[in-house]
Amino acid sequence: MRFIVRQIAVTADGREIIRANPFDDAQIGIGRNTQNAVHLPDLAVSPDHAVIRQLDGSQVEVESVSGQKFSVDGRDRMSATIDLVEGAELGFGGHIISVSQDGEDIILTVKRVEALSDSAEEREERVLYTLKGLLPSKRISAWGFIALVLAAFLVWPIYTWATYRGVEERPEGFHADTMWSSGALSEAHHSLEGDCQACHVDAFVTVQDKTCLNCHEDDAHDHADKNRLLTAMGEPEGFEVIGAAFSSAFNKPPGRCVECHTEHEGAGAMQPTAQKFCADCHEGMDGRLTDTKLENAADFGTLHPQFRPALLVRPGGKNPLRKRVSLDEKPTEYNGLKFPHDLHLSKTGGVAQMGRRIAAEFNFGSSLDCKDCHTPDSNGVRFKPVDMKENCSMCHSLAFDEIGNTVRTLRHGEPDMVRADLRAYYRSTGPARPINLGGMKRRRPGEQNEARVASDYARAVQFRPSRANLAIQQVFSRGGACFDCHGVTPPTARGRVDFGIKPVTLTDRYMDKGWFTHDAHKQEDCTSCHAAETSGSARDLLLPGIKTCRECHGGEFKKTAEVPSTCAMCHDYHANDGAPWLIREQRKDKRKAPDKTANNDDVLKPSDKLKVKIRKQKIASR
């Protein structure tokens with residue numbers, strides 16, 4: 001035989017729920033302890049109140065093991081023997097256990113009834129010491145909290161907004177509608193902290209572009225055509241479709257100012273634009289804008305086109321014509337100069353020898369270096385234009401006369417003045433007086449010889465001004481001061497000397513759509529990026545390609561790169577001559593670093609020196 005314990009629970013609407021558990025033991029316990037087969041959660045029942053065991057035949061015995069009585073058919077007992085055929089009702093606190101038999105099984109039906117004693121009127125243990133009976137029901141509490149939230153975070157803010165509508169500046173203190181703010185305003189809009197209506201004109205209406213233009217009409221940059229921008233973005237995909245549907249339902253059209261210029265993201269400067277923001281349009285854009293001239297770009301390390309510098313079509317003029325050409329085409333550029341870098345950087349030969357002779361005066365090394373001619377600007381971003389007087393004249397002298405201790409030089413960049421100065425020089429000076437003419441100098445004896453020398457000298461004085469044309473022709477011809485570095489235009493007619501100089505245009509920034517600063521690359525040697533040591537012509541474009549830059553710079557998510565680089569590191573939507581916004585912000589927080597000159601190997605770590613050496617070898621092998 002086995003025991004089957006049936007626990008009966010009654011729901012609030014009167015339905016009974018019966019849970020039956022079989023036990024094969026010959027004896028089971030009754031009590032408040034959960035280890036008992038008949039568990040009675042009632043403080044009127046002892047933890048181990050009684051046991052019930054099987055006897056021979058169809059009888060069971062119930063015995064108290066706690067010293068506390070129980071009832072059998074209404075009478076208190078310490079023990080009792082029950083005939084299963086007749087059955088009985090056992091009372092333990094507020095519970096009744098009906099004992100019966102079903103075939104070979106002993107059935108114990110447990111049910112909670114009305115309180116039979118003062119102790120049985122107590123609540124169940126799990127709710128005895130709570131305030132459950134003193135609080136409203138869960139449903140009432142839930143609806144109450146909903147009403148409270150709506151009143152505090154909807155009705156009150158709306159009331160505050162309506163109260164201060166049209167007020168230019170609110171008084172100090174707490175205002176309920178600030179609870180809707182997702183964060184503090186940036187530095188640019190910090191002055192509007194107390195004037196929410198300056199941007200949020202209407203309740204439950206998103207910020208409109210016209211609201212932005214109320215203040216930014218003069219400083220707002222020109223943007224691309226709005227329809228083209230939306231076409232470049234493409235249609236939403238995946239979960240973006242759900243977001244786009246909500247935006248449309250709440251009157252938030254795409255392409256608004258606030259999609260780029262986000263606010264309420266914390267005090268300080270606005271956050272830099274994430275790479276994904278740019279890639280959403282520029283990745284695969286040629287498939288959406290079939291007429292675009294821009295190439296696809298999404299990540300500098302993996303998907304970025306080769307650099308396309310703006311090269312001169314022809315030099316000269318204030319704004320010379322330029323054309324963007326990919327570096328993959330190995331382009332050249334004529335800027336009007338003749339200059340072999342390899343000759344000037346050679347560690348042997350005449351240039352190096354001349355540099356060593358004047359090294360003490362001009363602080364040169366054993367041979368010329370890049371810094372001897374190229375001077376960084378005040379910001380260290382680019383270099384000052386090469387100047388003839390400051391950077392070249394120590395070797396390429398234009399001197400043609402000396403009066404006392406004053407040296408007269410030809411005027412650089414002014415061909416007309418060069419001709420005028422040379423003509424004036426030959427008109428105002430005579431030829432060198434022969435040593436044997438007059439005086440006590442040595443001369444051949446005889447009056448005839450003296451007359452011949454005097455006649456030759458007079459003829460030289462007479463024809464002295466005409467020698468100016470020969471000097472002018474020599475200056476502008478091969479081997480002359482102008483010809484070796486500049487392109488020379490020939491005279492307009494035979495016998496004339498109105499030579500000219502072809503226009504010269506030196507480009508200081510080839511990629512005005514991207515940003516680059518030399519100051520951030522001071523630890524590198526010039527030749528690790530620029531192949532100047534092997535360049536024999538000024539037409540060579542000494543710009544590094546994207547492969548060279550990728551040796552250090554990777555995309556935003558390429559953590560193995562020495563410098564993970566986002567789009568915003570080099571590009572700025574509202575670009576100008578200055579650095580992108582991200583770089584400007586980094587400079588504000590940048591600690592003062594030790595001074596490192598571009599060619600001082602002493603400031604480089606051993607690992608950096610090895611990298612420079614490897615890059616030099618790569619440049620030389622291209």
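The values are calculated or read from the model by the stated rules, or taken from the named source; none is laboratory data. All values derive from a computational prediction rather than experimental measurement. Methodologically, a virtual Cβ is constructed for each residue, glycine included, from the backbone with ideal geometry; neighbour enumeration extends over all protein chains shown. Quick note on the areas: whole protein, heavy atoms, side chains included, nothing else; ligands and nucleic acids left out. Shrake-Rupley method; radii C 1.70, N 1.55, O 1.52, S 1.80 Å.
Here are the numbers for this structure:
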read-out: Residues of the stretch 37-54 satisfying the condition of being open to solvent by less than 60 Å² (accessible area, probe 1.4 Å), among the hydrophobic types (A, V, I, L, M, F, W, C) and either out of contact with any Phe, Trp or Tyr (no Cβ under 9 Å at 6 or more places or on another chain) or not in a loop (DSSP other than H, G, I, E, B) (or both); value: 38, 50, 51, 52
read-out: Residue count, the stretch 206-226 (criterion: modelled with pLDDT of 85 or more, open to solvent by 70 Å² or more (accessible area, probe 1.4 Å) and either in contact with a Gly (Cβ under 7 Å, 6 or more places away or on another chain) or of a type in the set (S, T, N, Q) (or both)); value: 1
read-out: Residue selected from the stretch 193-203 under the condition farther than 21 Å from residue 152 by Cβ, more than 30 Å from the chain's Cα centre (by Cα) and not in a helix (DSSP H, G or I), by the criterion modelled with the lowest pLDDT; value: 194
read-out: Selection count where residues are without any contact (Cβ under 8 Å) to a residue 12 or more places away in the chain and touching a Lys or Arg at 6+ places or on another chain (Cβ under 6 Å), scope the stretch 471-485; value: 0
read-out: Selection from the stretch 548-563 of residues that are open to solvent by 50 Å² or more (accessible area, probe 1.4 Å) and either of a type in the set (Phe, Trp, Tyr) or farther than 16 Å from residue 521 by Cβ (or both); value: 557, 558, 559, 560
read-out: Tally, over the stretch 158-192, of residues that are assigned to a loop (DSSP other than H, G, I, E, B) and under 27 Å from the mean Cα position of the chain (by Cα); value: 6
read-out: Which numbered condition residue 494 fails, given (1) assigned to a loop (DSSP other than H, G, I, E, B); (2) modelled with pLDDT of 90 or more; (3) open to solvent by 40 Å² or more (accessible area, probe 1.4 Å); (4) more than 23 Å from residue 380 (Cα to Cα); value: (2)
read-out: The stretch 16-30, residues that are over 18 Å from residue 96 (Cα atoms) and either open to solvent by less than 60 Å² (accessible area, probe 1.4 Å) or not polar (S, T, N, Q) (or both); value: 22, 23, 24, 25, 26
read-out: Residues that are polar (S, T, N, Q) and out of contact with any helix residue (DSSP H, G or I) (no Cβ under 9 Å at 6 or more places or on another chain), drawn from the stretch 490-531; value: 492, 505, 507
read-out: Residue 34 vs. criteria in a strand (DSSP E or B) and exposed (fewer than 14 other Cβ atoms within 10 Å of the Cβ); value: no
read-out: Filter result for residue 508 (closer than 16 Å to residue 311 by Cα, among the charged types (D, E, K, R) and buried (at least 18 other Cβ atoms within 10 Å of the Cβ)); value: no
read-out: Residue count for the stretch 304-343, restricted to those that are more than 30 Å from residue 275 (Cβ to Cβ) and of a type in the set (Val, Ile, Thr); value: 2
read-out: Any hit, the stretch 257-264, residues being surrounded by 14 or more Cβ atoms within 10 Å (Cβ to Cβ), at negative phi, in a loop (DSSP other than H, G, I, E, B) and in contact with a strand residue (DSSP E or B) (Cβ under 7 Å, 6 or more places away or on another chain); value: no
read-out: Test: residue 550 is modelled with pLDDT of 70 or more and farther than 30 Å from residue 186 by Cβ; value: yes
